[in-house]
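Since the structure comes first, as structure tokens, the remarks are kept for the end.
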Amino acid sequence: MSRNNLGGIVQQKGTRHLMMRTLLFLTLGVFCLYYLIPLIVMIATSLKSLEEIRAGSLLSLPQDVTFDAWAKAWSSACVGVRCDGLKPFFWNSVAMVVPAVTISTILGALNGYALTKWRFPGADIIFALILFGAFIPFQVILLPMARTLGVLGLAGTIPGLVLVHVIYGLAFTTLFFRNFFIGVSSGIIQAAQIDGAGFFGIFFRIVLPMSLPAVVVTVIWQYTQICNDFLFGIAFTVGDSNPVTVALNNVVNTSTGVKEYNVDMAAAIIAALPTLAVYVIAGAYFVRGLSAGAVKG
Amino acid sequence: MSDIRLEMVKKNFGATEVIKGIDLAIDPGEFVVLVGPSGCGKSTLLNLIAGLETITEGNIYIGGKRVNDTPPRDRNIAMVFQSYALYPTKTVRNNITFGMVSRGIPKADQDAAVAEISTLLQIERLLSRKPGQLSGGQRQRVAMGRALVRKPDVFLFDEPLSNLDAKLRIEMRTEIKKLHQRLGKTIVYVTHDQIEAMTLASRIAVMDNGHIRQFADPKTIYEDPVDLFVAGFMGSPPMNMMPGKIRTLGGQCVVSTGGPEDEPLDFLLPPALSERACGQEGRDVILGLRPEAIFAAGTELPGANRFIFERPISVVEPTGPDTMILFHHAGLDVVARVRPEDARPEGTLFMFEADMEKAKLFDAKTTLRI
């Protein structure tokens, strides 16, 4: 059972108890506010005009709400010498994230399936080596990877960045699926073998549909990792092929005259929106997927 | 219908020998139960027949064809697993048809087969449900349906009833027996439950530690066990096994058990047994008496070769139809099965009567039957 009803548990009553509850919620409220203030400031600033920002204080709410800064950030802010806003770079990110997440998830699922259900000599060693990849710091692979991409002719391109993310993500996706499949009864695989299905038949028709929780966790994990990546983006792409995270940095650093805080804030929120959206939409599945297997049913 | 033949089959997992050279010939249409304690290799043997494990040495023939290198899908077998192993994301209908889909059987034939099987097993109403929405007994039926629909030559059952509650287990046991009578297919059935083995089997193979100790029909296994292991494994409560010595008292052959702490009992052996066992004065033996062979004195029709003795009752265990009375003797708790109305409270001195016609003697060293 994923959700137990705790409403029926007998609780203490009385003034002392009431005071403690009030104190508890007050403390929680203060911490909530503390965490939310940066976001509030960002949204408020992005909705102000430059004059208002100069005149008012950082924490004041906007008097005249205007979306000019958002429009500018999206389509006309200068990123380096190019002044088309974040739009083209946002699509770069999408063109990178979708294939990178899809490919790394499918390969991770296949790896996990083969490592647990079609055991071969040395499977544990191979898994240990794959797992080792999860602990390699990003910086370590920058130079060898740059060389590899150069040899492959993918340097400075989006497909090149997709390849980097797929390779780097495999360690995590394999780990997620391996841990999920280890809990799947081998009897199911044996039954499918007797039923006449082969390696891929069992994978696509039996195992993959069962692994929806693992797929959700892996997709969210990979999606946020790749969306938020800055280092690989700045190291392996140039100019027009930059992902949105790199472009955001360039928007903020491009200084021609006045510092447009409202545009910077709007741009930052735009760059963060895809990951925020995923947490809002699929957050519940994420938690459920992570705890799947911990409790049966 | 196919016969199954195993020739000197061995299976090692790494350095561990799990199956240590088994010969077994199963006739077409037979219901063979492999029974034994956990870890005796019975499930491994079933997996070898199914082709889910590769055999290390020896040969397996199904229907006269050597199948050592044949993958499970081509052995014309069907298997029911202990965990049911239903495909959780598929409906009951798709669980049953999965094998046919894999083999490219036309849709119309699939539908006909599903209709036939679901009527047979009374699962028509469940066809559109997922396994998660079924009770244990229903899942068991679906798992059997999935096996039956293939119309295989051989059915393999791996402890299919062990996840069911006691009442359902007895119901399903009867259904499996009826199914076998109706279909007449060869069945190999693995269980650790000796009652399941007794009730279902046409022949039982009692396994221990990678060997088959005895392969015979249930009555022979129960009445004529070859050794102590088989005798002790079959029967509930288990056979009483009292260590003793062969002695001659007043020209008659007896087994003396017990002592020095408790007073010895001299069980008088019937002529058939004494012929085989006597002559070796002082030979160490084990006297096997099943609980139903010891009862309250004078409560059964009189017969030859009864032995009457007196002991205080140590424990009384009513089971409903019978009451088990335990008394202490030869360092163990000996169980006697009496009618409830003959039972007396603990501590009472009680007259027991043993039917020595049913006694079994085993050699204490070799554990073989004398």
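The values are calculated or read from the model by the stated rules, or taken from the named source; none is laboratory data. Model, not experiment: these values are computed from the prediction. Please note: Cβ atoms are built from the backbone with ideal geometry, for glycine as well, and neighbour counts cover all protein chains shown.
See the values below:
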read-out	value
Flag for B:Met100 being out of contact with any Pro (no Cβ under 6 Å at 6 or more places or on another chain), more than 11 Å from every other protein chain (Cβ to nearest Cβ), in contact (Cβ under 8 Å) with a residue 40 or more places away in the chain and part of a helix (DSSP H, G or I)	no
Selection status of A:Asn242, farther than 29 Å from A:Arg119 by Cβ, without any contact (Cβ under 8 Å) to a residue 24 or more places away in the chain, among the polar types (S, T, N, Q) and away from every other protein chain (no Cβ under 14 Å)	no
Checklist (1) modelled with pLDDT of 90 or more; (2) at positive phi; (3) more than 10 Å from chain A (Cβ to nearest Cβ) applied to B:Gly51, failing item	(3)
The lone exception for B:Gly58 - which of (1) in contact with a Lys or Arg (Cβ under 9 Å, 6 or more places away or on another chain); (2) surrounded by fewer than 21 Cβ atoms within 10 Å (Cβ to Cβ); (3) under 21 Å from B:Leu161 (Cα atoms) it fails	(3)
Residue tally, condition away from chain A (no Cβ under 14 Å) and either under 18 Å from B:Ala201 (Cα atoms) or in contact (Cβ under 8 Å) with a residue 12 or more places away in the chain (or both), over region B:137-171	10
Verdict on B:Ala78 being modelled with pLDDT of 90 or more, assigned to a helix (DSSP H, G or I) and either touching a Pro at 6+ places or on another chain (Cβ under 7 Å) or surrounded by 14 or more Cβ atoms within 10 Å (Cβ to Cβ) (or both)	no
Complete set of residues in region B:265-285 that are more than 34 Å from the chain's Cα centre (by Cα) and either charged (D, E, K, R) or farther than 15 Å from B:Ala364 by Cβ (or both)	B:Gly279, B:Glu281
Options B:Thr220, B:Thr186, B:Thr174, B:Thr191: the member that is β-branched (Val, Ile, Thr), farther than 23 Å from B:Gln82 by Cα and in the same structural domain as B:Asn47 (by TED's automatic domain parsing)	B:Thr220
Residue count, region B:273-291 (criterion: closer than 26 Å to B:Val338 by Cβ and either surrounded by fewer than 16 Cβ atoms within 10 Å (Cβ to Cβ) or among the aromatic types (Phe, Trp, Tyr) (or both))	0
Extreme residue, modelled with the lowest pLDDT, among residues of region B:83-97 that are more than 7 Å from chain A (Cβ to nearest Cβ) and part of a loop (DSSP other than H, G, I, E, B)	B:Tyr84
Subset of region B:34-61 [out of contact with any Asp or Glu (no Cβ under 7 Å at 6 or more places or on another chain) and hydrophobic (A, V, I, L, M, F, W, C)]	B:Leu34, B:Val35, B:Leu45, B:Leu48, B:Ile49, B:Ala50, B:Leu52, B:Ile55, B:Ile60
Output for region A:204-220, where each listed residue is surrounded by fewer than 22 Cβ atoms within 10 Å (Cβ to Cβ) and either away from chain B (no Cβ under 14 Å) or under 25 Å from A:Ile125 (Cβ atoms) (or both)	A:Val216, A:Val219, A:Ile220
Identity of the residue in region B:120-136, part of a helix (DSSP H, G or I) and out of contact with any Asp or Glu (no Cβ under 9 Å at 6 or more places or on another chain), that ends up modelled with the lowest pLDDT	B:Leu120
Selection from region A:71-85 of residues that are touching a Pro at 6+ places or on another chain (Cβ under 9 Å) and either surrounded by 24 or more Cβ atoms within 10 Å (Cβ to Cβ) or closer than 14 Å to A:Met265 by Cβ (or both)	A:Val79
Unmet requirement for A:Ile53, which otherwise passes all of (1) surrounded by 14 or more Cβ atoms within 10 Å (Cβ to Cβ); (2) among the β-branched types (Val, Ile, Thr); (3) modelled with pLDDT of 90 or more; (4) not assigned by TED's automatic domain parsing to the domain that holds A:Phe176	(3)
The listed residue being crowded, with 21+ Cβ neighbours inside 10 Å and either under 11 Å from the mean Cα position of the chain (by Cα) or within 21 Å of B:Val80 (Cα to Cα) (or both), out of B:Ile204, B:Ile195, B:Ile212	B:Ile204
Residue selected from region B:67-80 under the condition within 28 Å of the chain's Cα centre (by Cα) and free of Cβ contacts under 8 Å to residues at least 24 places away in the same chain, by the criterion farthest from the other protein chains (Cβ to nearest Cβ)	B:Asn68
Test set (1) modelled with pLDDT of 90 or more; (2) within 13 Å of chain A (Cβ to nearest Cβ); (3) out of contact with any helix residue (DSSP H, G or I) (no Cβ under 9 Å at 6 or more places or on another chain) - B:Gln181 fails condition number	(2)
Residue within region A:170-190 that is part of a loop (DSSP other than H, G, I, E, B), in contact with a strand residue (DSSP E or B) (Cβ under 9 Å, 6 or more places away or on another chain) and within 14 Å of another protein chain (Cβ to nearest Cβ) present	yes
Residue pairs meeting the criteria (Cβ under 7 Å; at least 6 apart or on separate chains; first within 15 Å of B:Asp153 (Cβ to Cβ), in region B:172-192; second among the hydroxyl-bearing types (Ser, Thr, Tyr))	B:Thr186/B:Ser2
Residue within region A:38-56 that is farther than 20 Å from A:Val252 by Cβ and in contact with a Lys or Arg (Cβ under 8 Å, 6 or more places away or on another chain) present	yes
Flag for A:Gly283 being under 14 Å from the mean Cα position of the chain (by Cα) and at pLDDT below 85	yes
Residue within region B:25-38 that is β-branched (Val, Ile, Thr), surrounded by fewer than 20 Cβ atoms within 10 Å (Cβ to Cβ) and more than 14 Å from every other protein chain (Cβ to nearest Cβ) present	no
